[in-house]
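J.: Below you'll find the structure I mean.
The values are calculated or read from the model by the stated rules, or taken from the named source; none is laboratory data. What you see is a predicted model; the values in this text were computed from it and never measured. Every residue, glycine as well, gets a Cβ built from its backbone with ideal geometry; the counts of neighbours run over all protein chains shown. SASA here: full protein model, heavy atoms, side chains in, ligands and nucleic acids out. Shrake-Rupley method; radii C 1.70, N 1.55, O 1.52, S 1.80 Å.
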Amino acid sequence: MPTLWLVIALLALSALGFVLGRQRAMQSAGGDTRALHSLPIYYGLNVGLTALLPALAVLLVWLFAQPMFIENQISDMIPAELIPENSTRDLVMSDVRRVAAGLDLAVEQGALTETAAANLRAELTDVRARLGEIGVALGSDVRPEVLDAAQEYRKMTATGNTVMTIVVALLALGGLAVSYARTHKDYRARNVVEQGVLALLILAASLAILTTVGIVLSMLFETMNFFSLHQWVDFFFGTTWAPNFRGDSELSILPLLWGTLYISFIALLVAVPVGLFAAIYLSEYASNTTRSIAKPLLEILAGIPTIVYGLFALLTVGPLLAGMFAKGGLLGVEWMAGATSVLTAGVVMGIMLIPFVSSLSDDIINAVPQTMRDGSLGLGATRSETVRQVVLPAALPGIVGAVLLAASRAIGETMIVVMGAGAIAKFSLNPLESMTTITTRIVSQLTGDTDFASPETLVAFALGLTLFVLTLGLNVLALYIVRKYREQYE
Amino acid sequence: MTDHSQSPDTQPSKHAGSLLSPSPGTIKRNRAEARFKGYGIAAIAVGLLMLLVLVFTIVSKGVGAYTQTFITLDVELLESKLDKKGNRNLDDIKKVTTFGYAPLIKNAFATKLEELGLETDLKAKDQAKIVSKSAAAQLREYVIANPDMIGKTVTFKFLTNSRVDGYMKGRVSRESIAKDKSISVAQLDFVDQLVAAGVIKKTFNLDFILGADASDQRPEAAGMGVSMVGSLFMMLVVLALALPIGVAASIYLEEFAPQNWLTDIIEVNISNLAAVPSIVFGILGLAVFINYMHLPTSAPLVGGLVLTLMTLPTIIISTRASLKSVPPSIRDAALGVGASKMQSVFHHVLPLAAPGILTGTIIGLAQALGETAPLLLIGMVGFIASNAPDSLSSGLLSPNSAMPAQIYEWAKRADPAFYERAWGGIIILLVFLVTMNTVAVILRRRFERRW
């Protein structure tokens, strides 16, 4: 792995720079640290980091940019008429990449010499069989133009790697030389190093923005692709969800949104009363001992991974409900067809959200000033009257915020609904029927063999973007409400 | 101000009565009070009951996965079947497929029955069916590893078929197999005979913890081991990336950032990222890392990158809280003796905040360990890896699964024998999570400083 060696060489060079820089600084000060502007370690760090960081940054950018650049070049090289029917440019390109990787592997393992690999001709050799021998399986025979492209790919990659190594090495050596030459007892090494470190810190902090931009852009591009294949009016306002991988599918978000909201509603119906009463009891009634035991225990529920809840829904709650409401069940009714239903997913999700609601409301109730309670109790109100008429109205905006946050969690929750809610998209009020949600459909459209040119796959990105906007909106609203409420008492 | 007590229309209280006996209104209010308190207690009880039910379900259903039914047989490794040429040439031995080994198992049953003096009406073919489909492969592997043993009789411990295992664990009964083609009542009778003779035994199954996943047909051979390794590599990636980046970002935001719109945007961004549904991160990973950068599908590296992005906000938020809790006097003292701002942060504030940062990181890692949804999108599900990776690069780049994804995969399969595995897998996952959280709590208790 040449890149790994390059990085190791860079690190070694940087370590060498550290030692050299420190020595030179000490020399220029005549061995007396007091004559130096900065501590000796900063002179070493200055040389070491100047040698390492720019080179490393260029290396990283190069590693990401080179494959894209080469890919574009090669992709332009393949004429459109050579792309077979029922295939796409992407598929041909992935063939090219695989053949190129196979040839590289063959050279590495010694099955082919470098020149033999470069001179392979698809017309003369059965490349597929040759690569098959070393364990590279190809889906079809290698066509001449694919092999040519693969050869070009390898050539350009090799050239690119050489140039990259040279550039990076020059940059590192140059950085080392310049900073070494600058090292002198009066040089303000500490200031320079600190500025460099600050730049790194800023870079790390801006990664958060980069992630958001990445999320939005990646989904936006694919969503635009989707809308060029499928009408947006139909997506947002149609009423049928019927994907069909042979094409001509009806893809509308409304039935999915209905399922999502219905399940979230049931989850909140479970979580809000239980969570709120638990919070009230813990903050207003419970003794310190009860509180210190019950609160962490309840919060365990929040720490359990969602896959566990999903399994609980699928294998325990679902069959339990089916045992009551399905055919041949305890109640002798036939309201449920299978174990998956809105109720199954909603109840289990509600359990998951109990601690979420309770600890958020607990914080908010605790933030209500004690003087307000004392005032109410002093007028002769009972505790429950104080809670209902003084504490809760004061805490209401915060509690609404907490419920909105819980709702956003419920809407974005995936594993419980994937395992417990079912896969049928429909509008129905019956909580015992199985319905499907946005997240469930994202998972099912994007797992397995996916073709990124079909609307059936791309619809997942449009669904994802809608989900993102929906949860983001709820969060911003909730945070706004909570923040506004806090200002009243601070 | 009018003085109400002096006003002539003052009426005596409607409920004039003894102060010693509560008035009807008071009784009503006290009842309401008790009811209200009761609701609170009931809510807590419901929450705790759910926790109890969950834990009980997991343990009672999952514990079965840790024992497995084995059958001990003496197999004669016939030269005539395995090495017809008799020259112990490994290439010739490898040519014998698992089908060639099946008769050996049949013979082993015959000898065993003869030795024990048992009688059965079951045909030899049906007798051999109570053994797992992996038994022939197990034999073949052994013979290829030890070609010298051909011609000798060796004692093997084979897995039994998952139906037999289910019968031993009470999951399968004579009534429930009426429509089941893979086992018959006669075979169960045969199993009873062998159990009585001590040939079939249920013992602890280390392979479930250390082994690899197995195909749909062999639930008895499936294990968590390889997916655990996949999770481990993902956590390494998360730790290596999220901790330094998260700490660096927090230091900047908490100690250096000027109050301006850019800082505001970053802060709002981080709090929003913490609430973005995890599946959105999966979409990001699929679009950016796999489609755009062409990183390998199903690789723990990609999973780790996605989980890093997901964990970063958690780590940043907890790191900022612990940096904030270091009192300003520490910074002032450092600055006072001539340290630069950077030195005061790195030499004094950061070490003092370290326990809090560590705690936050462990909790973030625990969260990432249990996350499933994004992994589904980048292809870390399915029957993927049958061998543990042998090096760091193959561990990061070759396809693998992760613990929660493996559990999901088992829960999806049709055979109920896999459900037991899924619950068992959850026990392992929860053991990891509980350990990590306990360590975090202990660290916090041990090193927390009140200023």
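J.: Calculate the dipole size of chain B relative to its Cα centre from +1 charges on Lys and Arg beta carbons and -1 charges on Asp and Glu beta carbons; express the result in debye to the nearest 20.
T.: That gives chain B a dipole magnitude of about 700 debye.
J.: Next up: Averaged across B:285-291, how many Cβ atoms of other chains sit within 10 Å of each residue's Cβ atom?
T.: Average per residue, whole number: 5.
J.: For Cα pairs less than 8 Å apart in space and 6+ apart in sequence, what is the mean separation divided by the residue count of the range A:2-187, i.e. the relative contact order in percent?
T.: The value is 36 percent.
J.: Can you find, among A:ILE438, A:VAL163, A:SER358, the residue farthest towards the positive end of the dipole of chain A? Put +1 on the C-beta of Lys and Arg, -1 on that of Asp and Glu.
T.: A:SER358
J.: Roughly how much of A:MET324 is accessible, in Å² to the nearest 10, using a 1.4 Å probe?
T.: 70 Å²
J.: What's the angle, to the nearest 10 degrees (0 to 90), between helix B:98-116's Cα axis and the longest principal axis of chain B?
T.: Long axis of B:98-116 versus the principal axis of chain B: about 80 degrees.
J.: Separate question: ³J(HN,Hα) across the range B:243-252 via Karplus (A = 6.51, B = -1.76, C = 1.60, θ = phi - 60°), whole Hz, x for Gly/Pro?
T.: 5, x, 5, x, 5, 4, 4, 5, 4, 4
J.: Hey, rough spin-label estimate for A:SER428 and B:LEU49, points 7 angstrom out along Cα→Cβ, what's it come to in nanometres?
T.: Those two pseudo-labels are separated by 2.9 nm.
J.: When the chain is fully extended, how far beyond the present Cα-Cα distance does B:ASP92 get from B:SER325, taking 0.36 nm per residue of separation?
T.: Length gained, B:ASP92 through B:SER325: 76.8 nm.
J.: Using per-residue counts of other Cβ atoms within 10 Å, averaged over each peptide, order B:354-363, B:246-255 from highest down.
T.: B:246-255, B:354-363
J.: In the neighborhood of A:ARG291, defined by Cβ-to-Cβ distances under 14 Å, what is the net charge if each Lys or Arg adds +1 and each Asp or Glu adds -1?
T.: Around A:ARG291, the surrounding residues sum to -3.
J.: Another question about this same structure. Counting only other chains, what is the mean number of Cβ atoms within 10 angstrom of the Cβ of each residue in peptide B:248-257?
T.: For peptide B:248-257, the averaged partner shielding equals 5.
J.: Something else now. What ³J(HN,Hα) values, in whole Hz, does the Karplus curve 6.51 cos²θ - 1.76 cosθ + 1.60 give for the range B:217-227 when θ = phi - 60°, with x put for Gly and Pro?
T.: Rounded to whole hertz, the list is 7, 10, x, 5, 9, 6, x, 9, x, 5, 5.
J.: Moving on. Given a Förster distance of 41 Å, report the FRET efficiency between B:GLN259 and A:LEU261 from their Cβ-Cβ distance, rounded to the nearest 0.05.
T.: 0.55
J.: Within the range A:146-162, whose backbone N sits under 20 Å from a point 7 Å along Cα→Cβ of A:ALA116?
T.: So the set is A:147-148, A:150-152, A:154-155.
J.: Related question: Please check the range A:392-437 for residues whose accessible area, probe 1.4 Å, is lower by 10 Å² or more when all protein chains are in place than in their chain alone.
T.: Buried by the other chains: A:GLY412, A:THR414, A:MET415, A:VAL418, A:MET419.
J.: Calculate the FRET efficiency for A:ASN161 and A:LEU203 from the Cβ-Cβ distance with a Förster distance of 25 Å, rounded to the nearest 0.05.
T.: 0.45
J.: For every helix of n ≥ 4 consecutive DSSP H residues, a contribution of -39,500 (n - 2.57) applies; sum these over chain B, divide by its total residues, and give [θ] at 222 nm rounded to the nearest 500 deg cm²/dmol.
T.: After summing the helix terms and dividing by residue count, I get -19000 deg cm²/dmol.
J.: Ignoring ligands and nucleic acids, what accessible area does B:PHE204 show with a 1.4 Å probe (Å², nearest 10)?
T.: B:PHE204 exposes around 130 Å² with every protein chain in place.
J.: Per-residue mean of other chain beta-carbon atoms within 10 angstrom of the beta-carbon, peptide A:463-473?
T.: Counting Cβ atoms of other protein chains within 10 Å of each residue's Cβ and averaging gives 3.
J.: Let me ask another. Between A:ALA169 and A:SER75, what is the FRET efficiency for a Förster distance of 25 Å, r being their Cβ-Cβ separation, to the nearest 0.05?
T.: 0.25
J.: Hey, quick one: spin label on A:MET372, modelled 7 Å out along Cα-Cβ, who in the range B:39-64 has an amide N within reach, i.e. under 15 Å?
T.: none
J.: Something else about it: Of the peptides A:71-80, A:330-339, how do they stack up when ordered by the mean number of other Cβ atoms within 10 Å, highest first?
T.: Peptide ranking by packing, descending: A:330-339, A:71-80.
J.: Of B:GLY225, B:GLY336, B:ILE266, which is farthest on the positive side of the dipole of the range B:225-447, counting Cα position, with +1 on Lys and Arg Cβ, -1 on Asp and Glu Cβ, and the Cα centre as origin?
T.: Highest projection toward the positive end goes to B:GLY336.
J.: OK, next. With labels modelled as points extended 7 Å from the Cα through the Cβ direction, what inter-label distance (nm, one decimal) is found for A:VAL400 paired with B:ARG174?
T.: With each label point 7 Å from Cα toward Cβ, the separation is 6.7 nm.
J.: Mind listing the phi-derived Karplus ³J(HN,Hα) values for the range A:59-66, rounded to whole Hz, using 6.51, -1.76 and 1.60 with θ = phi - 60°, and x for any glycine or proline?
T.: 4, 4, 4, 4, 4, 7, 7, 4
J.: Taking accessible area as the heavy-atom solvent-accessible surface of the protein chains with a 1.4 Å probe, which residues of the range A:300-340 lose no less than 50 Å² upon going from the isolated chain to the full protein assembly?
T.: Correct list: A:PRO305, A:ILE307, A:VAL308, A:LEU311, A:PHE312, A:LEU315.
J.: Summarise the accessible area of chain B (1.4 Å probe, protein heavy atoms) by the percent that is carbon and sulfur.
T.: In chain B, the share of accessible area belonging to carbon and sulfur is 61 percent.
J.: Taking Cα atoms, how many degrees apart are the long axis of helix B:300-324 and the longest axis of chain B, rounded to 10 and kept between 0 and 90?
T.: The angle comes out at about 30 degrees.
J.: With solvent modelled as a 1.4 Å probe, how much accessible area in total do chains A and B shield from it at their shared surface, in Å² to the nearest 100?
T.: In total, chains A and B hide about 6400 Å² from solvent.
J.: Which of the peptides A:198-211, B:214-227 is most tightly packed, and how do the rest follow, judged by the mean count of other Cβ atoms within 10 Å per residue?
T.: The packing order, highest mean first, is B:214-227, A:198-211.
J.: Please report, in debye to the nearest 20, how large the charge dipole of the range B:67-204 is about its Cα centre when each Lys and Arg carries +1 at its beta carbon and each Asp and Glu carries -1 there.
T.: 500 debye
J.: For chain B, what does the relative contact order come out to in percent, with C-alpha contacts under 8 Å and a separation of six or more?
T.: The value is 18 percent.
J.: For A:TRP241, list long-range residues whose amide hydrogen, built 1.01 Å from N in the peptide plane, is under 5 Å from its own amide hydrogen.
T.: Answer set, sorted by chain and number: A:SER252.
J.: Moving on to the next point. If you average the alpha carbon positions of the range B:316-344 and of the range A:425-455, how far apart do those two centres end up, in angstrom?
T.: 50 Å
J.: For the range A:339-369, list residues with backbone N below 16 Å from a point placed 7 Å from the Cα of A:LEU330 toward its Cβ?
T.: Counting only backbone N, you get A:344.
J.: Tell me the net charge near B:ASN146. Cut-off is 11 Å between Cβ atoms, B:ASN146 excluded, with +1 for each Lys or Arg and -1 for each Asp or Glu.
T.: 0
J.: Here is a further query. Tell me the relative contact order for the range B:67-204 as a rounded percent, counting alpha carbon contacts under 8 Å between residues six or more apart.
T.: 41 percent
J.: Of all accessible surface on chain A at a 1.4 Å probe, what whole percent is carbon and sulfur?
T.: 64 percent
J.: Okay, moving on. Taking only Cα atoms, what is the 0 to 90° angle, nearest 10, from helix A:342-367's long axis to the longest principal axis of chain A?
T.: It works out to around 90 degrees.
J.: Whole number in Å², please: accessible area per residue of the range A:241-489, 1.4 Å probe, ligands, DNA and RNA not counted.
T.: Heavy-atom SASA per residue in the range A:241-489 reads 39 Å².
J.: Right, another one. Any idea of A:HIS184's accessible area? Nearest 10 Å², probe 1.4 Å.
T.: Counting only protein heavy atoms, A:HIS184 exposes about 90 Å² to solvent.
J.: Next question. For a bin width of 20 Å, list the pair-distance distribution of chain B built from all Cα-Cα distances, rounded to whole %.
T.: Percent of pairs per bin, in order: 18, 36, 25, 15, 4, 1, 0.
J.: Heavy-atom accessible area per residue, the range B:225-447, 1.4 Å probe: how many Å²?
T.: For the range B:225-447, the solvent-accessible area averages 37 Å² per residue.
J.: Further question on the same structure: Farthest toward the dipole's positive end in chain A, which of A:ALA367, A:LEU4, A:PRO273, given Cβ charges of +1 (Lys, Arg) and -1 (Asp, Glu) about the Cα centre?
T.: Sorting the options by dipole projection puts first A:ALA367.
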